[in-house]
Structure formats: C-alpha cells, structure tokens
1. Compute the normalised compactness of the chain: alpha-carbon radius of gyration over 2.2 N^0.38 Å, N being the residue count.
2. Only counting other Cβ atoms within 10 Å, I'd like HIS444, HIS424, HIS394 sorted with the fewest neighbours first.
3. Going from the alpha-carbon gyration tensor of the stretch 269-375, what semi-axes, largest first and in whole Å, does one get by taking the root of 5 times each eigenvalue?
4. Dipole of the chain (Lys/Arg Cβ +1, Asp/Glu Cβ -1, origin at the Cα centre): which of PRO412, GLY258, ILE156 lies farthest to the positive side?
5. Net charge near SER68: determine it from the other residues with C-beta under 14 Å of the C-beta of SER68, scoring Lys and Arg +1 and Asp and Glu -1.
6. Work out, step by step, the length gained on full extension between TYR151 and ASP173: first 0.36 nm times the residue separation, then minus their alpha carbon distance; give nm to one decimal.
7. Scaled to the compact-protein estimate 2.2 N^0.38 Å, what is the alpha-carbon radius of gyration of the stretch 20-92, rounded to two decimal places?
8. Calculate, for ASP181 and HIS444, the FRET efficiency according to 1/(1 + (r/R0)^6) with r their C-beta to C-beta distance and R0 35 Å; round to the nearest 0.05.
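Only the coordinates and a few stated rules stand behind these numbers; no lab work does. Keep in mind that this is a model prediction, so the values were computed, not measured. Cβ atoms come from the backbone with ideal geometry, glycine included; neighbour counts cover every protein chain shown.
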Amino acid sequence: MLPYERPIITRYNPGITNKFGSKVDYFPFTQIDGVPVKRLIDAYGSPCFVLSERTIRDTYRNALRAFSTRYPKVQFAWSYKTNYLNAVCQVFHQEGAWAEVVSMFEYQKAILNGVPGEQILFNGPDKTADDLRIALQNNSLIHIDHFDELYLLSEIVRDSGKKARVAIRINMDTGVYPQWDRFGFNYENETAWEAVQKIMGQSNMILTGLHCHIGTYMLSTRAYHLAATKLAQLALRIKGQYGHRIAYIDIGGGFASGNTLKGSYLQGSDVIPTMDDYAEAISTALLGSGIPTAELPSLYLEAGRALIDDAGYLLGSVLAIKRLSDGRRATIMDFGVNLLFTSFWYDHRITPAQEFSRHTEDMVVYGPLCMNIDVVRENISLPLLNRGDHVVVHRVGAYNMTQWMQFISMRPNVVLIDLEGGVHLVRARETVDTLNQQEQTPAHLLSISPV
C-alpha cells in the first residue's frame with residue numbers, strides 16, 4: 001500500500017498569462033560566471049557585492065556596436081558617478097571609454113586611473129575656481145552648467161592666458177515630463193543661445209561641443225530623437241552665424257537598464273528599449289539634420305546605468321522570518337537600503353541561492369536596519385526561505401556602490417570575477433578602524449572619567 005500524502009495546492013503567481021495560466025519559474029541561482037555563490041559567501045562574507053567583468057565588457061561592446069554601426073564617429077565616456085570603483089572604471093577605459101565626471105574627486109580618480117586630461121568630460125554645477133584651473137591645465141572638456149560658472153571661467157582663462165575647450169549643457173522640451181530644466185541652459189527660451197553668444201565673444205574660450213542629459217531611466221527613444229535634432233539645429237545656427245563648426249554633440253546618458261521600476265505592471269526587461277533602439281533614434285536625427293556629411297560632429301555618450309547594472313549582484317543571507325500583525329510573512333535580510341539604495345525605486349529581482357521547497361508566499365523583504373523605511377521589497381512572491389539561507393539580488397551594478405550608506409552596518413567586500421573565473425577583492429569591507437581613522441577627539445574627551 002502506498003503511503004498517504006496530503007494534497008498540495010500549488011499557487012502560481014505573477015507572470016505573463018498564457019493558455020496554461022500564469023506562473024513564475026523559480027530556479028536556484030547558485031553560481032556567477034561559474035563561481036559558486038556559496039563559495040563567494042564563505043570567502044568574502046555576507047552581504048557581499050559581486051561584479052562580472054565578462055558582463056561589463058559584453059554590455060559595453062554591444063552598446064558600441066549599436067551606435068558605431070549607425071553613426072560614423074562615436075565616443076563613449078564612462079559615467080564615474082554610476083560606479084567609481086577603480087576596477088570598474090579601468091575595464092571601461094580598457095575598452096576605449098573616456099571619463100565623464102561631475103566632481104573634483106571623480107576627476108582626480110580619473111587622472112589616477114591614467115585617463116589623459118583631454119579625455120575627461122567635466123560636468124556638473126559645482127565646479128570651484130580651483131577645479132576649473134585644474135581642468136584648464138589638463139586641457140579637459142569643461143561643460144558649463146550656468147552663467148555664474150561661465151563668468152568665473154572667463155576670469156580664470158583671462159588671467160591664465162590659456163584657451164579653454166568648453167561645451168554648454170542644454171535642457172529642452174522633449175515631450176517627457178517633468179522636464180529636467182534644473183541643469184544647463186534652456187533651448188526654448190533662448191538662454192542657450194545667449195550662452196553661445198557670450199562664449200563666442202570670448203577669445204580664450206573655444207566652443208567645442210553641445211551637451212544635454214534629458215533624464216534618467218528614459219523609456220522614450222523619441223525623446224532622444226528630439227534632443228539630438230535640437231542640438232543639431234543649434235549647431236547649424238552657430239555655423240550659420242559665426243562660421244564655427246561644433247566638434248561634438250554629447251547626448252548624455254539616461255538609458256534604462258533591465259530593472260523594473262516600482263509600480264510598473266510589466267517587468268523592466270519587457271518594456272525598456274534596446275541599445276539598438278536608442279542608437280537608431282539618435283543617429284537618425286543627426287544624419288538627417290542637414291549637417292553636411294563631411295562636417296558631422298562626433299557623438300559622445302555618457303551611458304552609465306545601462307552599461308553596468310546587469311554586471312552587479314548583491315549576495316546576502318536570511319536573518320529571520322516573522323509574521324506581521326496583518327498576517328503577512330516578513331523575511332529579514334542582512335542587507336538593507338544602506339547597501340541597496342536603488343530599492344527605493346526598483347523592484348529588484350531576488351533569487352534563492354540554494355535548493356528550496358515548491359511552496360511560495362507573498363512576503364515583505366526587510367533589511368536589518370533600525371529604521372522603518374528599510375524595505376527592500378514591499379511585496380514579492382518567494383519560496384519559503386529559512387534563517388541562514390542565501391539569496392542573490394540582481395542588477396545592482398549602478399549607483400549602489402556610490403550611494404551606499406555607512407549607517408548602522410558598514411560597507412561590505414566587493415569582488416570582481418575576471419574572464420577566467422578568478423575572483424579579485426576590489427574593495428575591502430570597512431571596519432571600526434575605517435571610521436575612527438577619520439575622527440579626532442579633543443584631549444579632554446579621551447577619558448570617560450568625570451571632569
């Protein structure tokens with residue numbers, strides 16, 4: 001006689017509906033580029049960030065192919081603010097990317113990484129006089145954000161006797177709202193043209209490029225088409241009035257990665273444009289702008305998120321399981337919003353890293369911090385995990401290793417898996433000494449004895 005087994009109702013949760021119903025397949029994610037997740041956690045602890053060099057290079061080469069097969073002169077500049085770990089930056093530089101920075105410490109990292117000054121695009125609204133002098137000395141491309149910066153640079157170049165290679169950042173209406181008009185000079189109200197006139201009147205400034213960055217996680221390729229069209233029209237206007245040819249048009253970044261935005265009905269990978277889609281929209285606008293073929297400007301791109309997100313993973317472990325007052329299951333991880341800052345706007349994919357039961361349940365995923373906003377996922381259907389189980393969070397390469405917080409728990413190890421499967425520690429975990437070495441305690445406070 002066969003032993004009795006109670007019947008089980010298996011619940012299949014979100015997914016694209018088909019004739020068999022809707023379901024999500026869960027499979028344990030046990031290795032990254034051939035390296036077992038458990039081995040990584042045993043060696044480098046939990047939590048731990050892991051970066052795939054192979055994915056970085058493949059993603060970059062795909063983006064370069066998409067643009068360079070459609071436009072004759074293409075140059076990528078790696079966005080340091082997206083992930084400024086030296087190992088990451090060097091992979092992009094080895095692939096031929098320049099550096100795009102928005103602060104002096106990023107600028108200094110680029111120089112220390114061996115990037116020639118003339119291959120650094122210096123963006124951002126916060127450039128001090130000293131910053132501008134350094135950029136001028138290194139012949140870097142200075143992207144002017146506002147009139148105060150223009151006037152300050154005018155004084156500096158006048159006193160130095162050098163010529164500054166400059167571009168202006170331009171904001172515009174591309175049909176996507178709210179419009180990013182905080183940065184740069186506006187196209188529609190002629191502020192951008194006023195900036196052009198002032199620069200063209202400066203004997204020590206060379207207007208080399210036109211730059212825009214219309215937004216972040218942009219799903220509209222038409223917006224890029226409009227932006228490229230308007231920049232090309234401005235370049236033609238400059239050529240017509242001053243006989244001056246713009247050397248490059250910098251379309252910025254903002255290309256979406258495969259992450260899913262909070263509140264999105266469909267998965268991110270199902271709705272984002274491909275790199276070919278972005279390239280088609282931008283190159284078509286420039287090639288059809290009326291600029292003579294022999295005078296086409298170079299196309300600069302400052303992609304960050306779309307080039308690195310897929311290459312990053314966060315490994316973590318389950319600390320506890322509990323039931324909330326409303327009956328929901330809560331899973332508490334050893335990582336929170338201090339490390340996974342992008343969980344504020346993404347529903348990150350989380351995958352178990354070991355075999356699990358076929359039971360799943362909708363649950364909340366919390367981090368370990370003593371703050372109520374430490375929510376990694378507000379609602380997610382996962383297999384029933386136990387204390388000590390490991391998970392992998394996907395697509396975390398962008399911004400998490402630059403916006404992470406040193407709050408309650410310190411920042412963990414970051415490792416890079418190379419093309420041969422070798423594992424390299426590229427940033428060591430922080431310790432109490434990391435904190436204390438920056439502090440200075442007055443002598444009368446060195447003892448807790450009463451004064």
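1. So the chain has a normalised radius of gyration of 1.13.
2. HIS444, HIS424, HIS394
3. They are 45, 15, 13 Å, listed largest first.
4. GLY258
5. For residues surrounding SER68, the net value is +1.
6. Fully extending the segment from TYR151 to ASP173 adds 5.3 nm.
7. The reported ratio for this selection is 1.55.
8. Result of the calculation: an efficiency of 0.10.
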